[in-house]
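The values are calculated or read from the model by the stated rules, or taken from the named source; none is laboratory data. Being a predicted model, the structure only gives us computed values, none of them experimental. Neighbour counts run over all protein chains shown; Cβ positions are idealised from the backbone, glycine included. Please note that ligands, DNA and RNA were not included when accessible areas were found on the heavy atoms of the full protein model with its side chains. Shrake-Rupley method; radii C 1.70, N 1.55, O 1.52, S 1.80 Å.
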Amino acid sequence: MDQRPLIEFRGIGKRYGTGEAAFTALHGIDLSINEGEFVAIMGPSGSGKSTAMNIIGALDRPSWGEYLFDGVHVENLTNDERALLRRRYLGFVFQGFNLLPRTTALENVELPLLYRGLKRSERQKLALAALDRVGLVEWAHHTPAELSGGQQQRVAIARAIVIKPKLLLADEPTGSLDSARSVEIMKLLSDLNESEGITVALVTHEPEMATYAKRHIIFRDGRLVRDDRDLPGRVGKESQGGES
């Protein structure tokens with residue numbers, strides 16, 4: 001596996017508010033995530049894990065420190081440049097599926113490609129390929145209301161991977177699903193990581209879901225307190241449970 005860093009935090013800090021109301025969400029975080037890794041970012045509520053994820057996803061700016069994505073200093077980018085970074089290189093999957101309710105699965109997956117100015121035929125070809133990758137090509141012309149929760153999340157994953165991102169950010173992707181559908185989604189993320197080399201950063205509070213990752217990064221009180229590498233994972237080991 002290529003060990004080139006895709007994400008680098010160098011002394012990243014984040015403070016909200018000013019004066020007595022100021023709150024420091026991150027305290028000088030140093031972190032490196034290599035291309036091709038599957039990382040679970042964990043910690044209790046208020047630990048700083050979501051703030052770190054928002055900075056990684058160029059959805060928020062650090063108050064100090066350096067953030068490099070594939071060697072580019074993201075903290076120095078303009079808002080337009082950050083938006084371009086998100087559109088070209090980052091795929092997002094959230095707990096809420098964030099699908100447009102009145103459009104089909106195919107049209108939802110096509111959305112990120114509209115920004116690239118592709119012809120409709122090319123957009124549909126790529127979107128159908130992404131739906132096929134998540135096992136939903138036969139549901140392409142159904143709206144979200146006609147899909148189960150697990151199917152909706154797979155559509156959301158297809159939308160995230162249709163641009164062939166360098167990084168897939170999954171923020172509590174199984175939080176709205178039952179156990180069986182959660183396993184489906186985690187197996188899919190694991191397969192995308194293993195077979196296509198997509199770097200996956202998963203934010204979760206569920207130890208059972210985190211066991212699919214090969215590395216656990218633990219936040220507490222705005223600090224990175226633990227970094228467990230080279231975990232065995234549990235892909236294909238459905239009989240095992242608990243935290244690695």
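Conditions (1) hydroxyl-bearing (Ser, Thr, Tyr); (2) open to solvent by 50 Å² or more (accessible area, probe 1.4 Å); (3) out of contact with any Pro (no Cβ under 8 Å at 6 or more places or on another chain), marked per residue:
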{"residue": "114", "(1), (2), (3)": "no, yes, yes"}
{"residue": "119", "(1), (2), (3)": "no, yes, yes"}
{"residue": "139", "(1), (2), (3)": "no, yes, yes"}
{"residue": "142", "(1), (2), (3)": "no, yes, yes"}
{"residue": "147", "(1), (2), (3)": "no, no, yes"}
{"residue": "153", "(1), (2), (3)": "no, no, no"}
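Only one entry in 195, 182 is assigned to a helix (DSSP H, G or I) and without any contact (Cβ under 8 Å) to a residue 12 or more places away in the chain, namely 195.
Checked against the criterion of being within 19 Å of residue 225 (Cβ to Cβ), among the hydroxyl-bearing types (Ser, Thr, Tyr) and open to solvent by 10 Å² or more (accessible area, probe 1.4 Å), segment 7-19 contains not a single residue that satisfies it.
Applying the set (1) surrounded by fewer than 16 Cβ atoms within 10 Å (Cβ to Cβ); (2) in contact (Cβ under 8 Å) with a residue 40 or more places away in the chain to residue 22 leaves exactly one unmet item: (2). Residues that are closer than 29 Å to residue 114 by Cα and either in contact with a His (Cβ under 9 Å, 6 or more places away or on another chain) or among the hydroxyl-bearing types (Ser, Thr, Tyr) (or both) occur at least once in segment 61-68. For residue 122, the conditions (1) free of Cβ contacts under 8 Å to residues at least 12 places away in the same chain; (2) closer than 25 Å to residue 55 by Cα all hold with the exception of (2).
I'd like the full set of residues that are farther than 18 Å from residue 136 by Cα and touching a helix residue (DSSP H, G or I) at 6+ places or on another chain (Cβ under 7 Å), limited to segment 175-191. Listed by number, the list holds a single entry, 176. Residues that are within 28 Å of residue 205 (Cα to Cα), in contact (Cβ under 8 Å) with a residue 24 or more places away in the chain and among the aliphatic types (A, V, I, L, M) do not occur anywhere in segment 72-80. For residue 94, all conditions in the list (1) crowded, with 18+ Cβ neighbours inside 10 Å; (2) under 14 Å from the mean Cα position of the chain (by Cα) hold save one; what is the number of the exception? Failing condition for residue 94: (1). Among the residues of segment 38-71, how many are surrounded by 21 or more Cβ atoms within 10 Å (Cβ to Cβ), in a loop (DSSP other than H, G, I, E, B) and in contact (Cβ under 8 Å) with a residue 60 or more places away in the chain? Of the residues in segment 38-71, 3 are surrounded by 21 or more Cβ atoms within 10 Å (Cβ to Cβ), in a loop (DSSP other than H, G, I, E, B) and in contact (Cβ under 8 Å) with a residue 60 or more places away in the chain.
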